[in-house]
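Below is one structure, written out as structure tokens; comments come after it.
The values are calculated or read from the model by the stated rules, or taken from the named source; none is laboratory data. None of these values were measured; they are calculated from a predicted model. Here the Cβ positions follow ideal geometry from the backbone for every residue, glycine too, while neighbour counts run over all protein chains shown. Only protein heavy atoms, including side chains, enter the accessible area calculation; ligands, DNA and RNA are left aside. Shrake-Rupley method; radii C 1.70, N 1.55, O 1.52, S 1.80 Å.
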Amino acid sequence: MRYIGLPMVTGERVVGVLHLFVSAAHAFTDRDMALAQTLAGQAAVATEHLRLFELSKAWREALERFLAAQTQIARTPSSEVASVVLRTLQTSLGVTCAYFYGYDERTQTLQLKGCLLSEELAPPLADKPFAVVPLGEGLIGRVAQERRALYVADTTTEGVGSELTPHDAAPVLSVYALPLTFGDRLFGVVALLGHEPHAFSRASRALADSFAVYASAALEVSHLLEELRHHAARLEVLHRVAKAATERLDSASIARVTVETLDALMPDTMRALFVYDPNAEAFTLIAANADAEPVLRALGIAPGDSVSLSEMPFADALRRGECVCVHDVADTDLPFAGALVAVGCRSLLLQGIRSGDEFLGVIVKGRSEPHAFDERDRTFVRGLSEYLAVAFHNAALFTALQRAYEDLQQAHLTIAQQERLRALGQMASGIVHDVNNALVPVIAYAEMLQEHDDPQVQQMATQMQSAVDDLVHIVNRLRAFYRPRNPHEELEPIDLNKIVQQVVDLTRPRWYDMPQREGVTIDLRLALDETLPPIAGISSEVREALTNLIFNAVDAIMDKGVPHGTIILRTGRRDDHWVFVEVSDTGVGMDEETRHRALEPFFTTKGERGTGMGLAMVYGVMERHDGSIHIDSTLGVGTTVRLLFPTRTVQDRVQATPSEMTLPPLRILVVDDDPAVRIALAAILHQLGHQVVTASDGDSAAALFESALERGAPFDVVITDLGMPRMSGTDLVRRIKKHSNTPVIVMTGWGVDAQPKGADAAIAKPVRLRELKETLVRVLAPRQA
């Protein structure tokens, strides 16, 4: 038997050997050799075609598996991607050992997410040094940084890759590490591990490269889908926040519902909202979630507390509406860094809230792990701040509008009350004038009768005088309500604190002794501002006003029917131009209708015990002092009445000593349209030894005066009523002063403040004998001298 062996070669590649065995005895001829070579060549071509077919089939099947894996990866949550990638490498490439590293952009590290060990998926080897690899370090870090695959055919000779050997396993002798990238984005690194040198052929590496391309594209699709889902979820959060915020019209409610909505949809984050007060240059905490409470406690901040602008970190950037991210609190020099780390807060995100040029507040977020906030978080919090800026701005506008409406409503009520009080004042003025006119003869005759020789007549006159005095007191209280201040009225410097202490002492029987007899204890307290400047006013009027307020406070406590009550008198400054004194009580209080009518004359809730003139008199006093009165009251709780005085300074006035000069008999012209007044005054003046001529109106008085002047027997003084028909007292004064310098005394039922220009003196009705004598002395003494 003869044999011939021929190599099967395609190109420069030997694909096999053709063996020929022949049983014939003849030798191989050249023709036989040529035929054998031809057969070897055809067999080589057929064998190569079969190999390429099988390789193509394997590639096709692998690519089909890659496409299926690509679809699966794209649909897989990021937490499960490692398992899908490793399982695909196992089924498609026959890999028995591999690692999957995911890239964390925040920390710039590659973190082991999955392991394939001995053909079985295993959890990440967290305790191994290669579990977390910084970018650029080691084989895995270099592959990621350079974005290119690296093949270590033999780790024992090349000195890298052997560190990837897992515990209690065969050593890693070859490694093929591939980056998973798409465009500029790095997703991670896949490391194929072999337990023998040169474990990965060029073909298997080529298949692994193809798989890396497919997997990277799938990871990009997964990333984009996740971004879309994340963006949609955050838009939904913003929509819910905006909807909830627009349903509320105050900043505190908006902040609270924002935190609650974010907690429901995006938990595991510390959240706090601060609003900024530009006047105080401070932030106020208005909302925070439960996760933020330990942090706030560590910093000593409670809801409603303020943080000054200087204490807020990154205040300048926040005021510009910028976003500030602190990746790791432990690496900063913030004064409270230690406190935050101690309660588990490692990352911070702060965002200023601005509406146009207006700085409104700050959003503060925190998380327990470092580098916990990425660009998506920053983008979201910027969008949230824009929503909140609009909501806070609208809330501020609504609050301002509501305040303006309340101010307008209050102004309307005040104007209506002032108009009502003005009308009542005019009515009171007419009543006072008529009553005073009617009292002139009564007082005049009563005083004359007191000089009678009969003691019984004197006694009756005294009783009548006493009754008239009571009536005059009532009229004067009514007059105190409407009387304006005379511009020429002298004011004195008043120490409000001293006045308060005087009134407290004067009223002690009313607030201390009398209530105790009825089983009620009233605690009267003083809260006086010792730096209070003096005011300009009339001390007697201020004393009477405070006395009325204390009496009202006592009555309110007694009416409440409780065994204990408190009255507080407080003084203080409102600003540089105003000071106040207020009387607060814990009495029965007032409802709104009562409060609005409290200043009206004759309005009272005390029944027969009250006259309704107390607060009306106080109102008149404050009007004459260019001040104001404010009443705050809650039914069943108590009342505070605040008197507001302007700060003005005056010099102490020197009290004049009444003259004791005795006048000689005078010729006096008395003018009044009321015959009872004329007769009474004439009787008084006759009793004083004067000669009296009377006139019933201004025209007849002017004629009498001018006639006497022409005869050379002028009157020494003229006493005239102010309010008369046709020629008034004012006109008569001008007429008399036009022809002579004769003194003119004006009588008025409206009070001495109504003294007209040119008159020498004014005397209030009802006229009293002593006052009339003193006025005559005052106007005639300079002439007698």
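Side notes on the structure shown:
- Test for D731: is it under 15 Å from K765 (Cβ atoms), open to solvent by 40 Å² or more (accessible area, probe 1.4 Å) and in contact (Cβ under 8 Å) with a residue 12 or more places away in the chain: no
- Enumeration of residues in the stretch 20-44 that are in a helix (DSSP H, G or I), small (G, A, S) and in contact (Cβ under 8 Å) with a residue 24 or more places away in the chain: A36, A40, G41, A43, A44
- Of the residues examined, L496 is one that is among the aliphatic types (A, V, I, L, M), at pLDDT 90 or above and surrounded by 13 or more Cβ atoms within 10 Å (Cβ to Cβ).
- Cβ pairs under 8 Å, 6+ apart, first in the stretch 114-132 and among the charged types (D, E, K, R), second open to solvent by less than 80 Å² (accessible area, probe 1.4 Å): E119/Q90; E119/T96; K128/L112; K128/P166
- Qualifying position, being open to solvent by 20 Å² or more (accessible area, probe 1.4 Å) and modelled with pLDDT of 85 or more, among V637, V581, V641, V554: V637
- Test: residue in the stretch 52-63 that is modelled with pLDDT of 80 or more and within 21 Å of A218 (Cβ to Cβ): no
- Strands (runs of 3 or more DSSP E) wholly inside the stretch 253-359 containing at least 3 residues that are closer than 23 Å to D374 by Cα and modelled with pLDDT of 90 or more: 270-277, 323-326, 347-355
- Criterion violated by V744 - all others in (1) closer than 23 Å to Y445 by Cβ; (2) open to solvent by less than 30 Å² (accessible area, probe 1.4 Å); (3) not aromatic (F, W, Y) satisfied: (1)
- Residue among R248, R234, R229 that alone is out of contact with any Leu (no Cβ under 8 Å at 6 or more places or on another chain), in a loop (DSSP other than H, G, I, E, B) and either open to solvent by less than 10 Å² (accessible area, probe 1.4 Å) or of a type in the set (K, R) (or both): R248
- Residues located in the stretch 340-369, provided they are crowded, with 17+ Cβ neighbours inside 10 Å, under 18 Å from D328 (Cβ atoms) and not aliphatic (A, V, I, L, M): C345, R346, S347, K365, G366, R367
- Filtered residues of the stretch 558-576 (kept if farther than 19 Å from R517 by Cβ and hydrophobic (A, V, I, L, M, F, W, C)): I568, L569
- Qualifying residue in the stretch 368-375 (condition: in contact with a strand residue (DSSP E or B) (Cβ under 8 Å, 6 or more places away or on another chain), under 22 Å from H239 (Cα atoms) and in a strand (DSSP E or B)): no
- Applying a threshold of 8 Å to beta carbon distances and a minimum spacing of six or more residues, or different chains, the list of pairs starting in the stretch 392-414 at a residue that is closer than 26 Å to R256 by Cβ and ending at one that is charged (D, E, K, R) and open to solvent by less than 90 Å² (accessible area, probe 1.4 Å) reads H393/E358; A395/R248; A395/D250; F398/D250; T399/D250.
- Near pairs, Cβ below 9 angstrom, 6+ apart or cross-chain, from the stretch 293-313 (within 12 Å of F274 (Cα to Cα)) to any residue that is open to solvent by 50 Å² or more (accessible area, probe 1.4 Å) and hydrophobic (A, V, I, L, M, F, W, C): S306/A280; V307/L299; S308/A280; L309/A280
- Annotation note: Cβ proximity below 6 Å between a residue of the stretch 271-292 that is open to solvent by 40 Å² or more (accessible area, probe 1.4 Å) and a residue that is of a type in the set (K, R) (sequence gap 6+ or interchain) occurs for no pair.
- Here I736 fits the description: farther than 16 Å from L772 by Cβ, in a helix (DSSP H, G or I) and open to solvent by less than 30 Å² (accessible area, probe 1.4 Å).
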